[in-house]
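Peer 1: Structure provided below as structure tokens; questions to follow.
The values are calculated or read from the model by the stated rules, or taken from the named source; none is laboratory data. Everything quoted here is computed from the prediction, not taken from an experiment. So basically every Cβ, Gly included, is an ideal-geometry build from the backbone, and we count neighbours across all protein chains shown.
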Amino acid sequence: MADLALPEAELSILFVDDAEIQELNQRHLRRDKPTNVIAFPMREGEFPGLHPNLLGDVVISAETARRQSTRFGLNEKEMILFLTIHGILHLLGYDHEKGAKEARRMTKKQKELLRSVRIR
């Protein structure tokens, strides 16, 4: 969080199985399938300034992360770290689904943060 200039930021991270993330994906995003990560930002909606340090919630499917890790060329621990970073960026407003330019911006930031965390 320090690398994002948010040392006081708070968020929750929840690890679930595919069935639970599929239920969340269906209920909140109308996508009836499991996914690797879903972010629920608290800086959006009716009261975004209520608690300025509270970013929101990141939900990660450990099952999907395990399956996808080899495709991404990462071990399971690195995949979880990647998905955590990905989810945090979504909490901060990054969105790869808003077009190629935004996807490149998000990918660049993910790589930067992942490299920074690996060095420590």
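Peer 1: Picking from V59, V37, which residue would you name as being more than 19 Å from T107 (Cβ to Cβ) and of a type in the set (V, I, T)?
Peer 2: Every option except V59 fails the conditions.
Peer 1: Just to be sure before I move on: is L81 under 19 Å from D3 (Cβ atoms), surrounded by fewer than 19 Cβ atoms within 10 Å (Cβ to Cβ), touching a residue at least 24 places away in the same chain (Cβ under 8 Å) and not acidic (D, E) in the structure I sent?
Peer 2: yes
A quick yes/no check of all residues on (1) without any contact (Cβ under 8 Å) to a residue 12 or more places away in the chain; (2) part of a strand (DSSP E or B); (3) under 13 Å from I88 (Cβ atoms):
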position: E8; (1), (2), (3): no, no, no
position: S12; (1), (2), (3): no, yes, yes
position: F15; (1), (2), (3): no, yes, no
position: Q22; (1), (2), (3): no, no, no
position: Q26; (1), (2), (3): yes, no, no
position: D32; (1), (2), (3): yes, no, no
position: I38; (1), (2), (3): no, yes, yes
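Peer 1: Right, something else. Of all residues in the stretch 60-93, how many are touching a helix residue (DSSP H, G or I) at 6+ places or on another chain (Cβ under 8 Å) and among the small types (G, A, S)?
Peer 2: 4
Peer 1: Okay, moving on. Do you know which residues across the stretch 92-102 are farther than 17 Å from F40 by Cα, at pLDDT 90 or above and surrounded by fewer than 14 Cβ atoms within 10 Å (Cβ to Cβ)?
Peer 2: Answer for the stretch 92-102, where residues must be farther than 17 Å from F40 by Cα, at pLDDT 90 or above and surrounded by fewer than 14 Cβ atoms within 10 Å (Cβ to Cβ): A100, K101.
Peer 1: May I pose another question? Here is a list: R118, R105, R71. Which entry is farther than 20 Å from I13 by Cα and surrounded by fewer than 11 Cβ atoms within 10 Å (Cβ to Cβ)? Please lay out each step first, then the result.
Peer 2: On the way: R118 fails: farther than 20 Å from I13 by Cα; R105 fails: surrounded by fewer than 11 Cβ atoms within 10 Å (Cβ to Cβ).
On inspection, the qualifying residue turns out to be R71.
Each row is one residue, and each column tells you yes or no for (1) of a type in the set (S, T, Y); (2) closer than 14 Å to F40 by Cβ; (3) at pLDDT 95 or above; (4) in a helix (DSSP H, G or I).
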residue	(1), (2), (3), (4)
G56	no, yes, no, no
R71	no, no, no, yes
K77	no, no, no, yes
L81	no, no, no, yes
G87	no, yes, yes, yes
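Peer 1: Which condition number in (1) among the hydroxyl-bearing types (S, T, Y); (2) over 24 Å from M42 (Cα atoms); (3) not in a helix (DSSP H, G or I) is the one that S116 fails?
Peer 2: Failing condition for S116: (3).
Peer 1: Can you name every residue in the stretch 10-47 that is of a type in the set (G, A, S) and either touching an Asp or Glu at 6+ places or on another chain (Cβ under 8 Å) or surrounded by 18 or more Cβ atoms within 10 Å (Cβ to Cβ) (or both)? If you could, list the steps in order and put the result at the bottom.
Peer 2: From the stretch 10-47, those of a type in the set (G, A, S) are 12, 19, 39, 45; that's our starting set.
Once the filter is applied, which keeps residues that are of a type in the set (G, A, S) and either touching an Asp or Glu at 6+ places or on another chain (Cβ under 8 Å) or surrounded by 18 or more Cβ atoms within 10 Å (Cβ to Cβ) (or both), the stretch 10-47 yields S12, A39.
Peer 1: List the residue pairs whose Cβ atoms are under 8 Å apart, where the first residue sits in the stretch 90-105 and is more than 23 Å from M1 (Cβ to Cβ), the second is of a type in the set (G, A, S) and surrounded by 11 or more Cβ atoms within 10 Å (Cβ to Cβ), and the two are 6 or more positions apart or on different chains.
Peer 2: Final answer for the pair search is E97/A103.
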